[in-house]
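None of the figures in this text is laboratory data; all of them are computed from the coordinates on show. The structure presented is a predicted model; accordingly, all values stated were derived computationally and were not measured. Reconstructed Cβ throughout: ideal geometry from the backbone, glycine too, with neighbour counts over all protein chains shown.
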């Protein structure tokens, strides 16, 4: 697992979610666009000062940024979800809730 690449990917996701261009976010973080690009692609690691500014500017918490368990290959995610769902076979309420949530998410 390449932590720089994974963190960069999450930072990019939050940047896009907040409708910032790289240039806009870099300006708010007081770093160059090139530095931000390097962080997002995993070539550069961010300083503690930049990390604190990212939390502030993107309005996220350390948990938001460092929770990386879902960043697995799709096949692995599907297998993990199937396994978790199978474990609920005796809990009708949980199984119904899971069913409703999944159906709501994948509904066209």
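For this structure, a couple of remarks:
- Least to most buried among 83, 37, 32 (fewest other Cβ within 10 Å first): 83, 32, 37
- Ranked packing of 88-100, 11-23, most packed first, by mean Cβ within 10 Å: 11-23, 88-100
- With Cα atoms, 0 to 90° folded angle of helix 74-86 axis to the chain main axis: 40 degrees
- With contributions of -39500 (n - 2.57) from each DSSP H run of at least four residues, the per-residue ellipticity at 222 nm computed over the chain stands at -21000 deg cm²/dmol.
- Angle between the chain longest axis and helix 3-17 axis [Cα atoms, degrees, rounded to 10]: 90 degrees
- Acute angle (nearest 10 degrees) that the helix 92-106 long axis makes with the longest principal axis of the chain, alpha-carbon atoms: 50 degrees
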